[in-house]
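Here is the structure we will look at, set down as structure tokens.
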Amino acid sequence: GNDHLTPIVKLCGGSEARVVFTLISMSKPHILLLDEPTNHLGIQIIDALADALNDFTGGVVLVGHDAGLISNVCGDEKRSQIWVVDNGTVRTFLGTFEDYKEELLRDITAEVDD
């Protein structure tokens, strides 16, 4: 089609995000700050984003709720750190995102049982 002629401001959220990610990658940044980068993106684009982030040689700060993306990008403890923001504090979680989910489930289960 003629999507390449559409002004960015008229694109839907997912298409706009793809253009922005493309522009960012062309500038060859040393660090990426991503706040909820999966909003308005389809599953295939999220998978492509995860692949791109895993191939990125710079630093990445990723804030998000998409467990699939976080698991994919933060799966290697040697390459990533998980910071948990809770009740106005920030703490480093030692382990993988899967470990964090298990800890969270234990904490929630303990609260329910009490």
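So that you can scan it fast, the table gives a plain yes or no per residue for (1) at pLDDT below 90; (2) out of contact with any helix residue (DSSP H, G or I) (no Cβ under 8 Å at 6 or more places or on another chain):
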| residue | (1), (2) |
| --- | --- |
| 68 | no, no |
| 76 | yes, yes |
| 79 | yes, yes |
| 83 | no, yes |
| 90 | no, yes |
| 101 | no, no |
| 104 | no, yes |
| 109 | no, yes |
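For the condition in contact (Cβ under 8 Å) with a residue 24 or more places away in the chain and over 19 Å from residue 21 (Cα atoms), what is the one hit in 110, 67?
Exactly one residue qualifies, and that residue is 67.
The values are calculated or read from the model by the stated rules, or taken from the named source; none is laboratory data. As the structure is a computational prediction, the values presented were derived from the model and not from experiment. Neighbour counts are summed over all protein chains in view; Cβ atoms, including those assigned to glycine, are modelled from backbone coordinates with ideal geometry.
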